[in-house]
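Participant: Got a structure here, written out as structure tokens. Questions coming.
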Amino acid sequence: MPVRAEHDRAVLAGLLRRDPVLHAYQLGDLDDFFWPYTSWFRRDEQVALLYHGAAEPVLLVFAADRDRSTAAALLDELAPVLPARLYAHLSPGLERALTDRYVVSPAGEHLRMALTDPGRLAGVTASGEVLDGADLPALRALYAAAYPGNWFDPRMLDTGHYVGVREHGDLVAVAGVHVWSPTYRVAALGNVTTHPRARGRGLAGAAVAALCARLRDSVDHVTLNVRADNTAAVRLYERLGFTRVARFGEHTLTTGPR
């Protein structure tokens, strides 16, 4: 069937739940918390999400190897109605379906990881306290010093799933979520960082362990995205029980002369 807009959350959930780890972000965006900021499209069983809640629209299309050709056809048909500029998370090779309309500028290869061996968390001393809106200035200061340019939605503090570690009253490490959905039983960790002066002491790992313990009863799948070339972060997550489950690329898409 040709590409069409999809407005039925139950239909979308049924399609995305076929691979809840690969589609964790999209499943989370079905929640009321994110739904008003989303537009959804499908072609056969492949789904595209256009998220409007960031500084510029973000397109997410992930597909298993066997489904790449259908996903590419979806993108080829969808391209004429997409914004003139957007950011995209795409399974490998899908960006080629957009090159007739967009200048595609790669922004790095990334890994989707999932918590598959939670027993490893028992070997880490969990640490940290739950952050809320009152901690926003300190959190922004930490990100400015340790993680400039990260994507952080302050509304996520309302989930109760941001954990911070303090030293002498200063916030020096944090682990949070980009997505948390008890309805669809998925979470995606994000905005994990440590202040430069406190690195190398396991504080981020302690915060991640504390956060995963908080998430345990409300979700079945804990996932995260990390740059494939961020060796230190990948090794940290592997020590905590995460494994690599998929690769994808991030890209800036801009119309205009190639």
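Participant: Across the range 31-66, which residue is surrounded by the fewest Cβ atoms within 10 Å (Cβ to Cβ) among those that are in a helix (DSSP H, G or I) and at pLDDT 95 or above?
Facilitator: Out of the qualifying residues, it is Pro36.
Participant: Which residues, taken from the range 128-147, are of a type in the set (A, V, I, L, M, F, W, C) and either in a helix (DSSP H, G or I) or loosely packed, with under 13 Cβ neighbours inside 10 Å (or both)?
Facilitator: Ala134, Leu136, Ala138, Leu139, Ala141, Leu142, Ala144, Ala145, Ala146
Participant: Yes or no: Val3 modelled with pLDDT under 95, within 17 Å of Ala97 (Cβ to Cβ) and crowded, with 16+ Cβ neighbours inside 10 Å?
Facilitator: Yes.
Participant: Kindly evaluate Arg247 against the criterion of being of a type in the set (Lys, Arg) and out of contact with any Lys or Arg (no Cβ under 9 Å at 6 or more places or on another chain).
Facilitator: Here the answer is no, as Arg247 does not meet what is asked.
Participant: So which residues in the range 19-30 are in a loop (DSSP other than H, G, I, E, B) and among the aliphatic types (A, V, I, L, M)?
Facilitator: Correct list: Val21, Leu22, Leu30.
Participant: Within the range 167-201, can you find the residues that are among the basic types (Lys, Arg) and farther than 21 Å from Leu215 by Cβ?
Facilitator: Arg197, Arg199, Arg201, listed by residue number.
Participant: Which residues, counting only those in the range 13-60, are in contact with a helix residue (DSSP H, G or I) (Cβ under 8 Å, 6 or more places away or on another chain) and of a type in the set (Val, Ile, Thr)?
Facilitator: Val47
Participant: Hey, among Ala207, Ala175, which residue is part of a helix (DSSP H, G or I) and either farther than 30 Å from Leu75 by Cα or assigned by TED's automatic domain parsing to the domain that holds Gly14 (or both)?
Facilitator: Every option except Ala207 fails the conditions.
Participant: Please go through the range 88-100 and pick out each residue that is surrounded by fewer than 17 Cβ atoms within 10 Å (Cβ to Cβ) and touching a strand residue (DSSP E or B) at 6+ places or on another chain (Cβ under 7 Å).
Facilitator: Pro92
Participant: While we're here: From (1) touching a Leu at 6+ places or on another chain (Cβ under 8 Å); (2) surrounded by fewer than 16 Cβ atoms within 10 Å (Cβ to Cβ); (3) of a type in the set (D, E, K, R); (4) in the same structural domain as Ala207 (by TED's automatic domain parsing), pick out the condition that doesn't hold for Arg85.
Facilitator: (4)
Participant: Turning to a different aspect of this structure: Could you say whether any residue in the range 142-161 is of a type in the set (Val, Ile, Thr), modelled with pLDDT of 95 or more and under 30 Å from Arg17 (Cβ atoms)?
Facilitator: no
Participant: I would also like to ask the following. Being of a type outside the set (Asp, Glu) and under 30 Å from Leu253 (Cα atoms), is that true of even one residue in the range 114-131?
Facilitator: Looking for residues that are of a type outside the set (Asp, Glu) and under 30 Å from Leu253 (Cα atoms), one finds at least one in the range 114-131, hence yes.
The values are calculated or read from the model by the stated rules, or taken from the named source; none is laboratory data. Not measured: the values here are computed from a predicted model. Cβ atoms come from the backbone with ideal geometry, glycine included; neighbour counts cover every protein chain shown.
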